[in-house]
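Remarks on the structure that follows.
The values are calculated or read from the model by the stated rules, or taken from the named source; none is laboratory data. Note that the structure is predicted; figures quoted are calculated from it, not measured. Positions of Cβ are backbone-derived with ideal geometry, glycine not excepted, and every protein chain shown enters the neighbour counts.
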Amino acid sequence: MEKKVSVVIPMYYEEKVVQECYKRVKENLVKIENYENEIIFINDGSKDKTLEILENIAKQDSNVKIISFSRNFGHQAAVTAGLQYVTGDAIVIIDADLQDPPELIPEMIKLWEDGNEVIYGKRKSREGESAFKLFTAKMFYKTLNALSDVEIPKDTGDFRLVDRKVVDTINSMPEHNKFLRGLFSWVGYKQIPFEYERKERFAGETKYPLKKMLKLAADGIISFSTKPLKILGLLGMFAIIVSVLLLIYAILSYILKLNHLSAGWTSIMVAITFFAGVQLTSIWIISEYIGRIYDETKQRPQFIIDKKINL
Ligand code: UDP
Ligand code: MG
C-alpha cells in the first residue's frame, strides 16, 4: 500500500499568503514519489478572505481539507485540531507564511524513511526578524530550559515531521493549553534535529504579538515545570532571613541606645513592604497554576469547529 504524507497548516488572517502557500507545499508533496498526500488547513477564526480562498482550493483539490474554527483559538489549538484529523503515516507541521521552506519536506521524508520518528526543524539563522523578536525568543528558551524538567531544544518552533505513532500519542493526551513543541520533545521516540534557514515572511505581518508570545511562554513554563513554585519557597526563606536580621538590628540598637524613632520606622516599613511583595508574588505564581488547573477541570473543548470541508 502506498504511504501517505499529511501536512498541517494553521492560518490566521493569511489571505495574502494562502495561494502561494498551497502552491509551494503541493509542488513539493507531488515531488515525493510513491506517496499519497493530504493538506489540512485550519482557519483559526480569520475574518478576511482566508477561508474563501481555501474553499476555492478545496473545490479543485479533494486532498485539501479544511477545518474552520468558530473564532480565534490560537496557533497551538489550530495545530492540535489538525493533528486530530490527519490520516497520513508521516505528518508535517508547518507555518502558513513560508518562513519554514516547504522545499525541505522531501528531505525530511528521507530521514523519516531511515527510521527517525520526530524530525524537528532547528533554525540555523533567521531572516527578517526584529532584534526584539530574536532577543525575546532567546530569553524564552533560556528561561524555559533553566526551569523545565524536560530538555526542549532551542531555536526550535513547531516546524517538524512526525511519525503517526507520535501523533497518536499526542492525540491521546487530554490536556488543554498544549505547548506542542514541549510535548513533542517530552514524548521521546527517535528524534533528530534538522537544520535550516528560516526565511522572511512571504507576506503580511506576524500573527504573534507580544501578548500571544507571553501566553505561549507561560504555557511552556507552567506546563513543563513546577520550579516556579519552589522558587516561592526560596523567596520565603530569604524574606525570613532578612526579617531576622532586621530584628537583631532592632534589638542591638535598643540595647546600645542607638534607637531613634526614625530608625524603628524604617525597619518596620521595610519588613512590611518586603513581606507584602513576597506574598503578592507568591500568590500570583500560585494563581497562574490554579488558573490552569481550573481550565483543565472545566473540560471545555480546546477549540470549536464551525465548518469542515472534504473531511
Ligand atoms: N496562527 C494561528 N493562530 C493565531 C496566530 C497565528 O493559526 O492566533 C498561525 C499563523 O497564521 C501562522 C503560524 O500560526 O501560520 C505562525 O504565526 P506567525 O508566522 O505570525 O508567527 P511568527 O513566525 O511571527 O512567530
Ligand atoms: Mg511566521
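Being among the aliphatic types (A, V, I, L, M), surrounded by 15 or more Cβ atoms within 10 Å (Cβ to Cβ) and either more than 13 Å from ligand 1 (Cβ to nearest atom) or not in a helix (DSSP H, G or I) (or both) holds for only one residue in LEU229, LEU216, LEU235, and it is LEU235.
Note on segment 2-38: among residues that are of a type in the set (A, V, I, L, M) and within 13 Å of ligand 1 (Cβ to nearest atom), the one that is surrounded by the fewest Cβ atoms within 10 Å (Cβ to Cβ) is VAL17.
As a summary of the residue check, THR50 satisfies the conditions (1) within 16 Å of ligand 2 (Cβ to nearest atom); (2) within 20 Å of the chain's Cα centre (by Cα); (3) under 21 Å from PHE202 (Cβ atoms); (4) of a type outside the set (Asp, Glu) except for the one numbered (2).
Beta carbons closer than 7 Å, at least 6 apart along the sequence or on distinct chains, never pair a first residue in segment 37-59 that is over 17 Å from ASN72 (Cα atoms) and in a strand (DSSP E or B) with a second that is within 12 Å of ligand 1 (Cβ to nearest atom) and among the charged types (D, E, K, R). Among the conditions (1) in contact with a Leu (Cβ under 9 Å, 6 or more places away or on another chain); (2) at positive phi, GLY115 misses just one, which is (1).
Checking each residue in segment 127-155 for being within 19 Å of LYS211 (Cβ to Cβ) and of a type in the set (Val, Ile, Thr) picks out THR136, THR143.
Residue-level check: of (1) of a type in the set (A, V, I, L, M); (2) within 16 Å of ligand 1 (Cβ to nearest atom); (3) part of a helix (DSSP H, G or I), LEU98 misses just (3).
Could you tell me whether ASN116 is more than 19 Å from LYS178 (Cβ to Cβ), touching a residue at least 60 places away in the same chain (Cβ under 8 Å) and surrounded by 14 or more Cβ atoms within 10 Å (Cβ to Cβ)? Answer is yes for this residue. Scanning segment 101-138 for residues that are within 16 Å of ligand 1 (Cβ to nearest atom) and assigned to a loop (DSSP other than H, G, I, E, B) returns PRO101, GLU127, GLY128, GLU129, SER130. Scanning segment 74-124 for residues that are of a type in the set (Lys, Arg) and in contact with a Phe, Trp or Tyr (Cβ under 8 Å, 6 or more places away or on another chain) yields LYS122, ARG123, LYS124. Any residue at all in segment 181-189 that is within 16 Å of ligand 2 (Cβ to nearest atom) and among the small types (Gly, Ala, Ser)? No - not one qualifying residue is present in segment 181-189. On inspection, ASP97 passes the criterion of being buried (at least 21 other Cβ atoms within 10 Å of the Cβ), modelled with pLDDT under 95 and in contact with a helix residue (DSSP H, G or I) (Cβ under 8 Å, 6 or more places away or on another chain). Taken together, the residues in segment 76-91 that are modelled with pLDDT of 95 or more and within 16 Å of ligand 2 (Cβ to nearest atom) amount to 2.
For segment 284-300, a residue qualifies if it is surrounded by 12 or more Cβ atoms within 10 Å (Cβ to Cβ) and either among the β-branched types (Val, Ile, Thr) or modelled with pLDDT of 85 or more (or both), and the qualifying residues are ILE285, ILE286, TYR289. For first residues located in segment 195-210 and within 12 Å of PRO102 (Cα to Cα), partners that are near ligand 1 (Cβ under 8 Å from one of its atoms) and in a loop (DSSP other than H, G, I, E, B) and lie 6+ apart or on another chain with Cβ distances below 7 Å form the pairs ARG198/GLN99; LYS199/GLN99.
Screening the candidates ASP163, ASP168, ASP149, ASP155 for the property of being of a type in the set (Asp, Glu) and surrounded by 18 or more Cβ atoms within 10 Å (Cβ to Cβ) yields one hit, ASP163.
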